[in-house]
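Engineer: Quick one: this structure, given as structure tokens, is what I'll be asking you about.
Read-outs throughout are calculated quantities, based only on the coordinates presented, and are distinct from any laboratory measurement. Bear in mind that the values here come from a model prediction, so they are computed numbers and not experimental data. Neighbour counts run over all protein chains shown; Cβ positions are idealised from the backbone, glycine included.
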């Protein structure tokens, strides 16, 4: 991550070559984040484009004491993508959501396994594993796919209150576990 | 009512980051964030906790048109003079200045500057900006710059150089304002090693000065940078604070 720190510092000094390098290094992951939420490539690319212009214009406000460059950039892209799906008429394909729900179930080898092996992610992976499958699924659906409580309730065919409880309990447990892991 | 209970605040921050907080509640939370640094920190902690989830996504490479459009937007009028600052940029750990806010020593210094600036300037600074600049090597405060944000005529920067600074023969120190957004550093002129000094800058720079994100001081050949952009290493830099 030091390399990204350095690129951000150079971007703050209006170094466009550093910005091109930053884009080269991070756009693949950031497009994936946007694409998961909005589910259409042309929209995701538009979000990516707007986000990078924002990143360039606001890079001097980035504070590396407060956050890692990747987290900062991901937040910009996610917020932009979440704004997008909150527009009316945004539709979610059921088949795709089924896939996600299965992926994050108890015994699925998929994303949780990848998370365990990715750098800097093992604490989150270990802690997610302590959640119930429902808690884990609802957090993944919301964070990666931008689903609201009511969209999850509809898709998972559960009362709204149940979904809210899954999310909240899952978050509480995650925080407790990750704080303990960091201590 | 804004909740005071730490657990409630933490879960609200989590639901905000997760994206499940919507509509009116989301806007209200954003409003609280503006004036609540502790809440912003909790939000930051949740961003860091959840961010690794994105590592589970396989990367997707954008089409070439995306970068072309970004480039066109950040660079509406291609300015050839903006090239050529890389040697300077490569050498500096510029981003370090953001850590200034956490330095206790700097806060003490800040209080000192505020008091002293007010006393020595007959116009008394009601509204002022101050920058405590850290030495790029040692990370210790090495100089400060303060000025009144309001007033007539040329803005006067009050500069304090801390300790017994020495300048190598044949070199100069040049002070730069670092704008927010898409503009290059702006020269504010040369300074010397005197403990207290005043630098006047052109009046039209006042607005830019008041909006600057930070300042940096670079080592230049005698007479200042030949290019109009910083050409030597950054000796000190810091973030602008309104006081």
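Engineer: Taking the Cβ of each residue in B:133, B:1 as the centre, tally the other Cβ atoms inside 10 Å and list the residues starting with the fewest.
Structural biologist: Least to most surrounded, the residues fall as B:1, B:133.
Engineer: Also, I was wondering about something else. If I model a spin label at residue A:5 and residue B:7 as a point 7 Å from the Cα along the Cα→Cβ vector, what separation in nanometres do I get?
Structural biologist: 3.6 nm
Engineer: Shifting gears a bit: Using a simple spin-label model with points 7 Å from Cα along the Cα→Cβ vector, what separation in nm is obtained for residue A:57 and residue A:168?
Structural biologist: Placing both labels 7 Å beyond Cα along the Cβ direction yields 3.8 nm.
Engineer: If a/c stays under 1.5 just call it rounded; otherwise compare a/b with b/c (prolate if a/b is bigger, oblate if not). Do that for segment A:31-74, with a ≥ b ≥ c from the square roots of the Cα gyration tensor eigenvalues. Before the final figure, lay out each step's value.
Structural biologist: On the way: a/c = 4.82, a/b = 1.88, b/c = 2.56.
Oblate is the answer for segment A:31-74, as a/c is 1.5 or above yet b/c matches or exceeds a/b.
Engineer: Going 7 Å from the Cα of residue B:75 toward and past its Cβ, which residues in segment A:57-72 have a backbone nitrogen under 15 Å from where you end up?
Structural biologist: Under 15 Å, as judged by backbone N against the label point of residue B:75, lie A:57 of segment A:57-72.
Engineer: Any idea how far apart residue B:164 and residue B:24 come out in nm if each label point goes 7 Å out from Cα toward Cβ?
Structural biologist: Taking the two extended label points, one gets 6.7 nm.
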